[in-house]
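Just so you know, all these numbers are worked out from the coordinates, no wet-lab data involved. Fair warning: this is a prediction, and the values are worked out from it, not measured in the lab. Quick reminder, even Gly has a Cβ in these numbers, built from the backbone with ideal geometry, and neighbours come from all protein chains shown.
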Amino acid sequence: MNTDNNRTIRARFHLDFGAFALDTGEFSLPGSGVTAIFGHSGSGKTTLLRCMAGLEQGEGYLRFGEDTWQDANRKFLPVHQRPLAYVFQEATLFPHMDVRRNLEYGLRRIPKERRRITPEQAIEWTGVGHLLDRSPVRLSGGERQRVAIARALLTSPRLLLMDEPLSALDIRSKREILPYLERLHRELDIPVLYVTHSPAEVERLADQVVFMEDGRITAIETLAEATSRIDSPLFFDEGPVTVIEANVDHHDDAYHLTRVTFGDHGLWLPRQPLEPGTALRVRILARDVSLIRSAPEETSILNVLPVIITGMEPTGPGKLAVTTETRDGQTLLTEITRKSAETLGLEIGQHVHAQIKAVAMME
Amino acid sequence: MIELFGVELDLAPVWLTLKVAALTTVILIVIGSPIGWWLARSKSRLGVVFEAVVALPLVLPPTVLGFYLLIGLGPHGPIGSMWSLVSENNLTFSFAGLVIASVFYSLPFAVQPLMHAFESIGERRLEAAATLGASPMDRFFSVVLPLSQRGYLTAATLAFAHTVGEFGVILMIGGNIPGQTQVVSIAIYDHVEVMEYTQAHILSAGMMLFSFAVLLIVYGLNRRMEVKIG
């Protein structure tokens, strides 16, 4: 069994393309969980991932646990000898093989004693069992990407690299595939590096985040750290977001709702296809949360939580981010106008109620 | 010698033509693969130069190519003098000379379809195969080759057919030695020269039918593969 320690990634890459240069400096990444590599297009996140895989050769070094994959003395382990798997942005299935033979491609190329993930497991996790005899040409974008993920897993990799696996998909396919990724996150004991420019994907899947800008790494933070500062790059597009780790409590099928709980509190979500007891993350946009001074007696909003105001910070002209906390310490960010804040007379330490208009599983 | 339509016909040129074309095709597929591969992947400027060199036989008059081959394959030429180290016979006016000349002459017809086939496979699929543990050779045989089937079929057909149709270059370096270097196209020319129109007809019609049949089979297969790969 691997301990996290002997899967720690230590590396430095420098690669010059003329117009663009990747220059990471020394960095290390934990050998467990999902590490998102986040940045705008052109920030160098894909290049960084390709350097790790050995698909690009820059100068620098790369150590995975005790193993050296690349060093300054010209050692460079070729891609096919690295115990990693790679999921590409676009579908890379082999069109001359059916799905089953695509899945077997990687499996057959690793020695038996290294096989830890069985075809049954990979097929179940990705839900591709009914596609085995089909040609990849006849699959939808989402199905193709799920097959590609299953194929990658079947190499029993020690490190899984994913390069924007959802970005080439339409919204429906994204919705279809994200639950599978979340499930992998729960069940798979393999460190994953996940390149994305979508804050939503980071917030749903990542445990830590590498922020990149202009070919450089600007910060490496845990998700909690990354979502606790109002100026986080994750918030540039949709404003601040709260991520809550919750558990499925029960379903109310009469109203097509699912109750999830965290600490002493709970939230109603649209019916989720998950077993009670399953851990899940919910993300709440700060702009979907409003504050009221006393508990509302009649409201169409299902989710109202009593909170204490712990901070107020301007986020733009006329707008304030108000940080609140529930009784048991869960932070909940809200974004309101300065006018509302003044009308309500909000101040730090005040007890108010947060009305949550939408609890998003996915936007 | 056989008798057909009341005339004597020497079939030796037919067998010789098929032998030269078949051998040339095999050689071209073998050497055309790495050349086509390199041209398809190379990003260097040298690639462009090489691509132009490979395409030269398409535009040069066969006599120009034949002339240089005659000098190159001759006993004092670079290829000819090397050949004399391993063989007592001259390359020019020999079967081996015909094959070497045909390889040069038909090179673009094999390399270009292969190059286009390799280009269309796309870098990502090969990278995916590499991340799945396939070595470069393994990638070639498990991904490149099956996905270039049509390219290979086209390359082989064109190389074969083009070699069969060769005339000028062979005349320059092979002469016209019956039984040794006299191929069908030259035999037809000879028959016409001496007014043996029946023999010329038989050989010409044979060539027509053969070429048509080959093309028919290739296009038929091509279409079926298209359906299969989608």
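P(r) for the stretch A:5-231: what percent of alpha-carbon pairs falls in each 10 Å bin, starting at zero?
For the stretch A:5-231, the pair-distance distribution reads 8, 33, 37, 19, 3.
So which residue, out of B:V103, B:V30, B:V184, gets the largest mean-square fluctuation from a GNM of chain B using Cα contacts under 10 Å as springs?
Greatest mean-square fluctuation among the candidates belongs to B:V30.
Principal axis extents for the stretch B:13-182, Cα atoms only, whole Å, descending order, please.
55, 34, 32 Å, listed from the longest principal axis down.
Suppose R0 equals 22 Å; then what is the FRET efficiency for A:S300 and A:R327 from their Cβ-Cβ distance, rounded to the nearest 0.05?
E(calc), rounded to 0.05, equals 0.35.
Using the Kirkwood formula over every pair of different C-alpha atoms, what hydrodynamic radius in Å results for the stretch B:1-46?
Radius from the Kirkwood sum: 13.7 Å.
Can you compute the FRET efficiency between A:D231 and A:L344 using 1/(1 + (r/R0)^6), with r the Cβ-Cβ distance and R0 = 22 Å? Round to the nearest 0.05.
That gives a FRET efficiency of 0.35.
Given a 10 angstrom Cα cut-off, can you work out which residue in A:I301, A:I177, A:I123 is the most mobile in a GNM of chain A?
Answer for the Gaussian network model of chain A: A:I301.
Would you compute, from DSSP H runs of 4+ residues alone, the mean residue ellipticity of chain A at 222 nm, taking -39500 (n - 2.57) per run and dividing by the full residue count, rounded to the nearest 500?
-6000 deg cm²/dmol
What does the charge count around B:I177 come to, taking other residues whose C-beta lies under 14 Å from its C-beta (Lys +1, Arg +1, Asp -1, Glu -1)?
My count for the surroundings of B:I177 gives -2.
Principal axis extents for the protein assembly as shown, Cα atoms only, whole Å, descending order, please.
Each principal axis gives a Cα extent; for the protein assembly as shown these are 115, 55, 51 Å.
Over the alpha carbons of the stretch A:89-192, what is the largest minus smallest coordinate on each principal axis, giving the biggest first in Å?
Largest to smallest, the principal-axis extents are 39, 31, 22 Å.
Label-point separation (nm) for A:Y255 and B:E123, each offset 7 Å from Cα along Cα-to-Cβ?
Label-label distance for A:Y255 and B:E123, simple model: 5.4 nm.
Dividing the alpha-carbon Rg of the stretch A:159-207 by 2.2 N^0.38 Å yields what?
1.07
Taking R0 as 56 Å, what FRET efficiency do you get between A:Y61 and B:E193 from their Cβ-Cβ distance, rounded to the nearest 0.05?
So the FRET efficiency works out to roughly 0.15.
Using the Cβ atoms and a cut-off under 10 Å, what net charge is assigned to the surroundings of A:L205, where Lys and Arg are +1 and Asp and Glu are -1?
With Lys, Arg at +1 and Asp, Glu at -1, the neighbours total -2.
Name the residues whose placed amide hydrogens come within less than 5 Å of the amide hydrogen of A:A219, ignoring near sequence neighbours (fewer than 5 apart) on the same chain.
A:F211
With viscosity set to 0.890 mPa s at 25 °C, what whole-number translational diffusion coefficient in µm²/s follows for the stretch A:250-353 from Stokes-Einstein and a Kirkwood radius over Cα pairs?
The calculation lands on 163 µm²/s.
Around B:A187, with a cut-off of 12 angstrom between Cβ atoms, what is the net charge of the other residues, counting Lys and Arg +1 and Asp and Glu -1?
The answer is -4.
How large is Rg/Rh for the stretch A:159-280, to two decimals, with Cα atoms and a Kirkwood Rh?
Answer for the stretch A:159-280: 0.98.
Can you compute the modelled spin-label distance between A:R216 and B:L60, with each label point 7 Å from Cα toward Cβ, in nm?
5.6 nm
How about the stretch B:42-141: which trypsin sites (Lys or Arg not before Pro) there lie in a loop by DSSP and see at most 14 other Cβ atoms within 10 Å?
B:K43
Where in chain B are the DSSP H helices whose alpha-carbon span along the long axis reaches 20 Å or more and whose Kyte-Doolittle mean is at least 1.0?
For chain B, where a helix must reach 20 Å along its axis and average at least 1.0, the hits are B:12-41, B:45-59, B:95-121.
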